[in-house]
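I have placed the structure first, in the form of structure tokens, so that the comments after it can refer back to it.
The values are calculated or read from the model by the stated rules, or taken from the named source; none is laboratory data. The structure displayed is predicted, hence computed values, not measured ones. Cβ placement follows ideal geometry from the backbone for every residue including glycine, while neighbour counts extend to all protein chains displayed. Accessible surface areas use protein heavy atoms only, side chains included; no ligands, DNA or RNA. Shrake-Rupley method; radii C 1.70, N 1.55, O 1.52, S 1.80 Å.
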Amino acid sequence: MRIDIISVFPDYLSPLNLSLIGKAWGKGLLDFRVHDLRDWATDRHKTVDDTPYGGGAGMVMRPDVWGSALDSVLNAPQGPPQLIFPTPSGHLFTQRAAEQLAQSEHLIFACGRYEGIDSRVADHYKSQSNVSVQEYSIGDYVLNGGEVAALVMIEAITRLIPGVIGNPESLVEESHNSEGLLEYPVFTKPAQWRGLEVPEILLSGNHAKIAAWRAAQAGALTAQRRPDLITN
Ligand code: ADE
């Protein structure tokens, strides 16, 4: 999978070099290209923003600079790309969205800063047939820019690509899996720690009973912490 990321702070994306994602990059499973938006600015000061029409606080990112940047990465030969705008006013990014995006050969993240990107940019690319466009929020809070949100989405998406995670079974039973429940609590050695014991059932060796206990724990935890996830 190729992933282009455009930002005015390309250094923000340096964690991509670390850990499993960095290894998958080294193995050729992932191909990251981080771009500095200012490379497409045309004036001496490399300006990428301006004051908002209609007034108000802050600055808005210019559509002409973003248009040049996006046109140039959209011309890559990877096949139909998905263009993602991280924004607090986007649709909520979920595990289902990560699964859908993990099928793609080419993702492009357009990371806005300040008060956001001129709205015509997303509208323009939504009207183009060679790209599919999504605006995603990673949660109901406001970050300083799209970079951290892009990192979150990239980690959620790329770990679903075969070969990125060492043990694919760990993908199956985790939180927000296809059953839509939170994960059951987990324990390891020592069996006693600071007066706290591991639940007896987990030491029993009875796999059917353990599975039933875990399912019950997952259900109870979800009902308590995330009742919104329980639909029926
Ligand atoms: N940019 C700023 N806040 C954001 C959020 N919550 N999700 C995605 N992008 C953002």
Whichever lysines have a C-alpha closer than 23 Å to that of residue 126, once near sequence neighbours (fewer than 8 apart) are set aside: none
Fraction of beta bridges assigned by DSSP in the chain that are antiparallel (%, nearest 5): 20 percent
Cleavage-rule hits, chymotrypsin sites (Phe, Trp or Tyr not before Pro), segment 118-220, DSSP coil, Cβ neighbours within 10 Å at most 10: 141
Sparse-neighbourhood loop sites, chymotrypsin sites (Phe, Trp or Tyr not before Pro) in segment 37-96 - DSSP loop, at most 10 other Cβ within 10 angstrom: 53
Reachable lysines, given that their alpha-carbon falls under 28 Å from the alpha-carbon of residue 209 and they are not under 8 places away in the same chain: 189
Three-way shape call for segment 102-151 based on the alpha-carbon gyration tensor, with the a/c threshold at 1.5: oblate
Most mobile listed residue (26, 205, 166) in the chain, GNM with C-alpha springs under 10 Å: 205
All aspartates and glutamates inside 20 Å of residue 46 as judged from Cα atoms, apart from same-chain residues fewer than 8 positions distant: 11, 36, 64, 71, 115, 118, 147
Dipole axis of segment 1-70 (+1 Lys, Arg; -1 Asp, Glu on Cβ), positive-most option in 68, 24, 47: 24
Average accessible area per residue (Å²) across the chain - probe 1.4 Å, nucleic acids and ligands excluded: 59 Å²
Degrees, to the nearest 10: 146-158 long Cα axis against longest axis of the chain: 50 degrees
Whole-Hz ³J(HN,Hα) from phi, Karplus 6.51 cos²θ - 1.76 cosθ + 1.60, for segment 60-76, glycine and proline x: 10, 6, 6, x, 5, 5, 4, x, 5, 4, 5, 4, 6, 7, 5, 7, 5
Distance (nanometres) between label positions extended 7 Å along Cα→Cβ at residue 169 and residue 68: 5.4 nm
Rounded to the nearest 10 Å², the accessible area of residue 207 at probe 1.4 Å: 150 Å²
Alpha-carbon gyration tensor eigenvalues x 5, square-rooted, for segment 79-232, Å: 39, 17, 15
Charged-residue dipole, Cβ positions (Lys, Arg, Asp, Glu), segment 77-232 about Cα centre, Debye nearest 20: 260 debye
Theoretical gain in end-to-end length, residue 99 to residue 208 [0.36 nm per residue, Cα-Cα removed]: 36.3 nm
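Return the carbon/sulfur percentage of the accessible area of the chain, one whole number, probe 1.4 Å, all protein chains in place. Don't jump to the answer; show the numbers that get you there.
Numbers: 7210 of 13750 Å².
Ligands and nucleic acids excluded, carbon and sulfur reach 52 percent.
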